[in-house]
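The values are calculated or read from the model by the stated rules, or taken from the named source; none is laboratory data. All values derive from a computational prediction rather than experimental measurement. When the accessible area is computed, the model is the full protein with side chains, heavy atoms only, and any ligands, DNA or RNA have been set aside. Shrake-Rupley method; radii C 1.70, N 1.55, O 1.52, S 1.80 Å.
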Amino acid sequence: MESNEKLREISSLLERKLSDLNEGVDRWSNVQRSLQDAGTNLGDQSEALNQTLEELSPT
(Lines give C-alpha, C1' and ligand atoms only; values in the text may rest on other atoms or scores of the structure.)
Protein backbone atom coordinates (compact mmCIF):
# COMPACT_ATOMS: atom_id res chain seq x y z
CA MET A 1 0.00 0.00 0.00
CA GLU A 2 2.80 2.41 0.78
CA SER A 3 4.17 2.24 -2.77
CA ASN A 4 0.69 3.01 -4.15
CA GLU A 5 0.52 6.09 -1.95
CA LYS A 6 3.95 7.18 -3.18
CA LEU A 7 2.85 6.70 -6.78
CA ARG A 8 -0.28 8.77 -6.15
CA GLU A 9 1.83 11.49 -4.56
CA ILE A 10 4.26 11.48 -7.49
CA SER A 11 1.35 11.55 -9.93
CA SER A 12 -0.19 14.49 -8.11
CA LEU A 13 3.11 16.39 -8.11
CA LEU A 14 3.59 15.72 -11.82
CA GLU A 15 0.08 16.95 -12.58
CA ARG A 16 0.76 20.17 -10.68
CA LYS A 17 4.06 20.67 -12.50
CA LEU A 18 2.38 20.06 -15.86
CA SER A 19 -0.34 22.54 -14.95
CA ASP A 20 2.31 25.11 -13.98
CA LEU A 21 4.12 24.49 -17.25
CA ASN A 22 0.94 24.96 -19.26
CA GLU A 23 0.22 28.19 -17.41
CA GLY A 24 3.74 29.41 -18.17
CA VAL A 25 3.32 28.57 -21.85
CA ASP A 26 0.03 30.48 -21.94
CA ARG A 27 1.67 33.51 -20.33
CA TRP A 28 4.60 33.36 -22.75
CA SER A 29 2.17 33.18 -25.69
CA ASN A 30 0.43 36.30 -24.39
CA VAL A 31 3.77 38.08 -24.05
CA GLN A 32 4.72 37.14 -27.61
CA ARG A 33 1.37 38.38 -28.89
CA SER A 34 1.80 41.67 -27.03
CA LEU A 35 5.30 42.12 -28.42
CA GLN A 36 4.08 41.40 -31.93
CA ASP A 37 1.29 43.96 -31.54
CA ALA A 38 3.73 46.52 -30.18
CA GLY A 39 6.08 45.88 -33.11
CA THR A 40 3.22 46.34 -35.56
CA ASN A 41 2.25 49.58 -33.83
CA LEU A 42 5.81 50.87 -33.98
CA GLY A 43 6.02 49.95 -37.65
CA ASP A 44 2.83 51.87 -38.37
CA GLN A 45 4.06 54.89 -36.42
CA SER A 46 7.39 54.76 -38.23
CA GLU A 47 5.64 54.74 -41.60
CA ALA A 48 3.46 57.70 -40.59
CA LEU A 49 6.51 59.62 -39.34
CA ASN A 50 8.43 58.92 -42.55
CA GLN A 51 5.45 60.08 -44.61
CA THR A 52 5.22 63.30 -42.59
CA LEU A 53 8.97 63.91 -42.93
CA GLU A 54 8.75 63.40 -46.68
CA GLU A 55 5.89 65.89 -46.88
CA LEU A 56 7.83 68.45 -44.82
CA SER A 57 11.14 68.08 -46.60
CA PRO A 58 12.00 70.62 -49.25
CA THR A 59 11.98 69.29 -52.78
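Below, the figures for the structure above:
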| read-out | value |
| --- | --- |
| Between 0 and 90°, nearest 10: helix 2-56 axis offset from the chain longest Cα axis | 0 degrees |
| Solvent-accessible heavy-atom area per residue, rounded to whole Å², over the chain at 1.4 Å | 96 Å² |
| Relative frequency of Cα-Cα separations exceeding 17 Å in the chain, percent | 66 percent |
| Carbon and sulfur %, accessible surface of the chain computed with the full protein complex present, 1.4 Å | 54 percent |
